[in-house]
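Novice: One structure coming up, written as structure tokens, with questions to follow.
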Amino acid sequence: MIRPILIHPDPRLKKVCDPVTEITPDLRKLAEDMLDTMYDAPGVGLAAPQVGVTKRLLVMDCVKGPDLPQRPMVLFNPSVTWASEDLNTYEEGCLSIPDQYADVERPARVRVAWTGIDGLPQEEEFEGLWATCVQHEIDHLNGKLFIDYLGPLKRQMITRKMEKLKRERARG
Ligand code: K1U
Ligand code: ZN
């Protein structure tokens, strides 16, 4: 099921999300819906607050190319356990801030620990777009958006554009 994606500014996108204490059938269904919503958008990641659920859950699949097999990933309570000193700059976008892009500098490689959809602990090192995406999504779980890395003028300009977009969408 495709769920509506919240558009910035929205107080739910600024909240520090709550840890998941038990992976219930409702949360498994939410993870499935989030993957459907991410592929439909299309996007390479999605965090639970973007669909209005302020819990520490994200999904991602950074495999690009029509002939490559998908790699849908579901991460409950993800945390960065190690970050490389070398940095990488990527022109990021966000499904909650449509059609706006900006360069963001982040660690080039990160190790991330999380609980899988089967309830088992996992840990993996990510690089390239996967590393950028997992950090962008963990930021969402901490109420942080990629525009928070920009200067105040750029951030304000993008926020005003999003307010206008929301007014236009509300009018229909
Ligand atoms: O969190 C989100 O809003 C999803 C976002 C993730 C992301 C993208 C780029 C860098 C870091 C994090 C997106 O998926 S935006 C859409 C996008 O980048 C994309 C869409 C289709 C194919 C490939 C990329
Ligand atoms: Zn985003």
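Nothing in this text is a laboratory measurement; each read-out follows from the coordinates by a stated rule. Since the structure is predicted, the reported quantities are computational estimates derived from the model, not experimental observations. With ideal geometry, Cβ positions are generated from the backbone for all residues, glycine too; neighbour counts draw on all protein chains shown.
Novice: The conditions are (1) surrounded by 14 or more Cβ atoms within 10 Å (Cβ to Cβ); (2) within 16 Å of ligand 1 (Cβ to nearest atom), and A113 fails exactly one of them. Which is it?
Specialist: Failed condition: (2).
Novice: Condition first: touching a strand residue (DSSP E or B) at 6+ places or on another chain (Cβ under 9 Å), within 14 Å of ligand 2 (Cβ to nearest atom) and β-branched (V, I, T). Can you find one or more residues in segment 115-125 that meet it?
Specialist: no
Novice: Please go through segment 112-131 and give me each residue that is under 15 Å from W82 (Cα atoms) and more than 17 Å from the chain's Cα centre (by Cα), ordered by number.
Specialist: Of everything in segment 112-131, those that are under 15 Å from W82 (Cα atoms) and more than 17 Å from the chain's Cα centre (by Cα) turn out to be Q122, E123, E124, E125.
Novice: In the set L165, L129, which member is farther than 19 Å from A47 by Cα and within 16 Å of ligand 2 (Cβ to nearest atom)?
Specialist: That would be L165, the only listed residue that is farther than 19 Å from A47 by Cα and within 16 Å of ligand 2 (Cβ to nearest atom).
Novice: Further, regarding this structure: I need the full set of residues from segment 7-36 which are within 14 Å of ligand 2 (Cβ to nearest atom), closer than 20 Å to T132 by Cβ and not in a loop (DSSP other than H, G, I, E, B), in order please.
Specialist: Selection gives L13, M34.
Novice: Here's another thing I want to ask about it. Please indicate, with yes or no, whether at least one residue in segment 74-95 is out of contact with any strand residue (DSSP E or B) (no Cβ under 8 Å at 6 or more places or on another chain) and within 14 Å of ligand 1 (Cβ to nearest atom).
Specialist: Within segment 74-95, none of the residues are out of contact with any strand residue (DSSP E or B) (no Cβ under 8 Å at 6 or more places or on another chain) and within 14 Å of ligand 1 (Cβ to nearest atom).
Novice: Another one. Identify the single condition in (1) in a strand (DSSP E or B); (2) in contact with a helix residue (DSSP H, G or I) (Cβ under 7 Å, 6 or more places away or on another chain); (3) within 30 Å of K166 (Cα to Cα) that G93 does not satisfy, given that it satisfies every other one.
Specialist: Every condition holds for G93 apart from (2).
Novice: Taking segment 37-53, which residues are surrounded by fewer than 16 Cβ atoms within 10 Å (Cβ to Cβ) and more than 13 Å from I97 (Cα to Cα)?
Specialist: If the condition is that a residue be surrounded by fewer than 16 Cβ atoms within 10 Å (Cβ to Cβ) and more than 13 Å from I97 (Cα to Cα), then D40, P42, G52 are the ones that fit.
Novice: Do the conditions hold for A113, that is, is it in contact with a Gly (Cβ under 9 Å, 6 or more places away or on another chain) and not in a helix (DSSP H, G or I)?
Specialist: For A113, the condition - in contact with a Gly (Cβ under 9 Å, 6 or more places away or on another chain) and not in a helix (DSSP H, G or I) - is not met.
Residues are listed down the side, and each one gets a yes or a no for (1) free of Cβ contacts under 8 Å to residues at least 40 places away in the same chain; (2) more than 28 Å from G151 (Cα to Cα):
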| site | (1), (2) |
| --- | --- |
| D18 | yes, yes |
| D26 | yes, yes |
| E32 | yes, yes |
| A48 | no, no |
| G52 | no, no |
| Q70 | yes, yes |
| L75 | no, yes |
| E85 | yes, no |
| C94 | no, no |
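Novice: Filter segment 54-75 down to the residues that are in a strand (DSSP E or B) and among the β-branched types (V, I, T), then identify the one that is surrounded by the most Cβ atoms within 10 Å (Cβ to Cβ).
Specialist: The extreme case among them is V59.
Novice: A further question on this structure: Taking segment 132-162 as the search range and keeping residues that are polar (S, T, N, Q) and over 18 Å from G45 (Cα atoms), which one is surrounded by the fewest Cβ atoms within 10 Å (Cβ to Cβ)?
Specialist: Q156
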